[in-house]
Amino acid sequence: MSVLYIAHRMPWPPDRGDKIRSYHMLRWMAERAPVHVAAFVDQLDDWKYAEALEAVTASTILEPRTVPMWKAGLRALAGGRPVSLAAFDSPSMKRRIARLVKRERIETIYVFSSQMAQYVPKRFSGRVVMDFVDVDSAKFERYGAEGSGPMAWINRREARLLADYERTVAQRADASLFVSAAEAALFRRRSGAERVIAVGNGIDLDRFDPDAADVAPLTDRPTGPLIVFTGQMDYRPNIEAVESFTAAVMPQLRAQFPHVAFAIVGRAPSPEVKALAKHDGVIVTGEVPDTRSWLAAADLVVAPLRIARGVQNKVLEAMAMGRPVLASAAAFEGIDADAGTHLEVAKTAAEEEELAAALLADPARRAAMGRAARAHVERRYRWDTQLAPLGELLGLSEARAVEAAA
């Protein structure tokens with residue numbers, strides 16, 4: 001019995017939100033059955049991890065994704081397709097996957113991210129599990145509603161076409177997975193699909209551990225209170241989050257805590273993010289060797305996202321590191337935790353400023369919240385616990401797992 005794992009981005013290493021989920025999904029499956037992987041590589045540095053990926057898979061198909069978004073957009077407009085599909089369209093990938101399915105004993109195809117459903121061979125008669133992760137069409141609806149001009153039109157078009165495509169894919173799939181119960185419920189309402197299941201994200205509790213010996217101290221830590229945001233900094237929701245926090249919250253915090261610093265930690269900062277470094281107290285690090293060093297040094301970790309889908313790994317990682325977290329309502333939506341005990345949740349920028357100031361002024365409460373957060377993720381967010389439903393969904397029984405291990 002073999003599984004074909006199709007992903008829009010090489011599921012190795014787990015260094016950004018979607019890859020954290022895809023990496024742990026793959027590791028879980030590979031412990032229970034032979035897994036063939038077909039994926040795109042969009043970061044040149046990721047090629048160096050191909051050997052590590054091949055060590056845990058039965059075979060790999062990797063292709064560089066080099067089509068610029070403007071060209072994908074033109075192709076999508078000409079073909080009446082969502083840009084999301086055109087951006088990941090590759091005839092050679094289709095041919096290679098078709099040959100692999102014919103050659104190997106593939107019983108199950110697991111698809112990570114909706115744009116990759118186009119690679120499931122039309123005549124494939126086995127099990128198909130579609131991991132949408134989030135409802136992408138809802139994100140583009142939000143962009144279209146809040147924007148203006150040509151981009152708003154493009155986003156509304158993308159939302160409409162992608163929603164139609166998501167419904168079609170769900171009809172074909174034996175099960176449609178989402179990262180949270182809220183996303184699963186939203187998709188049921190929008191699509192009418194029935195086989196919709198929430199399979200949440202977990203956290204690597206050995207790596208994200210405040211007592212881990214391999215966490216290097218932050219040598220250049222600011223002298224005052226330190227607020228930290230982590231994330232991929234060319235991703236629109238992250239960009240908007242740090243812009244909002246810098247403009248709406250930091251001036252008031254600086255008035256109360258003159259030496260407070262806000263560190264924006266993450267690779268590929270956009271020009272808009274880099275420009276925030278001109279503000280007093282704002283630090284833009286770019287890519288760092290280990291985000292855990294910044295998390296361990298933080299007095300407060302914030303996730304002030306205005307648009308958020310599913311479970312925010314950045315929130316779980318900070319909680320696992322025993323740090324007090326202040327999340328927006330959007331960032332909190334997919335997190336199973338108690339606001340006020342395991343983290344704080346703000347509905348508005350004014351509440352963010354109020355709650356952040358209260359936490360910065362109360363070291364004892366910060367410490368207690370951090371301890372409660374760590375204990376909660378230990379109980380609730382272990383990867384094996386989160387991924388347990390996959391066995392039945394993918395047809396990987398315990399007997400097969402033992403056989404694969406042998």
Total residues in segment 1-58, condition surrounded by 18 or more Cβ atoms within 10 Å (Cβ to Cβ) and assigned to a helix (DSSP H, G or I): 15
Hits in segment 210-238 - residues which are of a type in the set (Val, Ile, Thr) and open to solvent by 20 Å² or more (accessible area, probe 1.4 Å): Val215, Thr219, Thr223
Failed item, numbered, when Ile283 is tested on (1) open to solvent by less than 10 Å² (accessible area, probe 1.4 Å); (2) of a type in the set (A, V, I, L, M, F, W, C); (3) in a strand (DSSP E or B): (1)
Residue in segment 389-404 that is within 21 Å of Ala261 (Cβ to Cβ), open to solvent by 10 Å² or more (accessible area, probe 1.4 Å) and of a type in the set (S, T, N, Q) present: no
Residue match in segment 162-174 (condition: at pLDDT 95 or above and in a loop (DSSP other than H, G, I, E, B)): yes
Residue satisfying condition, being in a helix (DSSP H, G or I), open to solvent by 20 Å² or more (accessible area, probe 1.4 Å) and over 25 Å from Leu393 (Cα atoms), within set Arg81, Arg95: Arg95
Met25 being more than 12 Å from Thr60 (Cβ to Cβ), under 15 Å from the mean Cα position of the chain (by Cα) and at pLDDT 95 or above: yes
Test: residue in segment 138-147 that is without any contact (Cβ under 8 Å) to a residue 12 or more places away in the chain, open to solvent by less than 80 Å² (accessible area, probe 1.4 Å) and more than 24 Å from His36 (Cα to Cα): yes
Residue check for Glu63: out of contact with any Lys or Arg (no Cβ under 6 Å at 6 or more places or on another chain), part of a strand (DSSP E or B) and over 22 Å from Val129 (Cα atoms): yes
Extreme residue, surrounded by the fewest Cβ atoms within 10 Å (Cβ to Cβ), among residues of segment 59-78 that are of a type in the set (A, V, I, L, M) and under 24 Å from Asp45 (Cβ atoms): Met69
Tally, over segment 327-348, of residues that are touching a helix residue (DSSP H, G or I) at 6+ places or on another chain (Cβ under 8 Å), at pLDDT 95 or above and among the small types (Gly, Ala, Ser): 6
Residue satisfying all of: in segment 288-307; buried (at least 24 other Cβ atoms within 10 Å of the Cβ) and within 15 Å of the chain's Cα centre (by Cα); farthest from Arg236 (Cα to Cα) among these: Ala303
For Val129: the one exception among (1) assigned to a helix (DSSP H, G or I); (2) buried (at least 21 other Cβ atoms within 10 Å of the Cβ): (1)
Filter pass, Ile264 being touching a residue at least 24 places away in the same chain (Cβ under 8 Å) and either open to solvent by 80 Å² or more (accessible area, probe 1.4 Å) or within 18 Å of Ala331 (Cβ to Cβ) (or both): yes
Test: Glu194 is within 28 Å of Met116 (Cα to Cα), at pLDDT below 95 and either more than 22 Å from the chain's Cα centre (by Cα) or open to solvent by less than 70 Å² (accessible area, probe 1.4 Å) (or both): yes
Given (1) under 23 Å from Glu333 (Cα atoms); (2) in contact with a helix residue (DSSP H, G or I) (Cβ under 6 Å, 6 or more places away or on another chain), index of the condition Asp131 fails: (2)
Out of Asn155, Asn201, sole residue that is open to solvent by less than 20 Å² (accessible area, probe 1.4 Å) and either among the charged types (D, E, K, R) or in a loop (DSSP other than H, G, I, E, B) (or both): Asn201
Members of segment 345-377 that are under 26 Å from the mean Cα position of the chain (by Cα), surrounded by fewer than 17 Cβ atoms within 10 Å (Cβ to Cβ) and over 15 Å from Phe332 (Cβ atoms): Arg371, Ala375
Which listed residue is within 24 Å of Met10 (Cβ to Cβ), of a type outside the set (Phe, Trp, Tyr) and assigned to a helix (DSSP H, G or I), from Ala145, Ala117: Ala117
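The values are calculated or read from the model by the stated rules, or taken from the named source; none is laboratory data. In this text the structure is predicted, and so the values were computed from the model without any measurement. Every residue, glycine as well, gets a Cβ built from its backbone with ideal geometry; the counts of neighbours run over all protein chains shown. Just the protein is used for accessible areas: all its heavy atoms, side chains included, with ligands, DNA and RNA removed. Shrake-Rupley method; radii C 1.70, N 1.55, O 1.52, S 1.80 Å.
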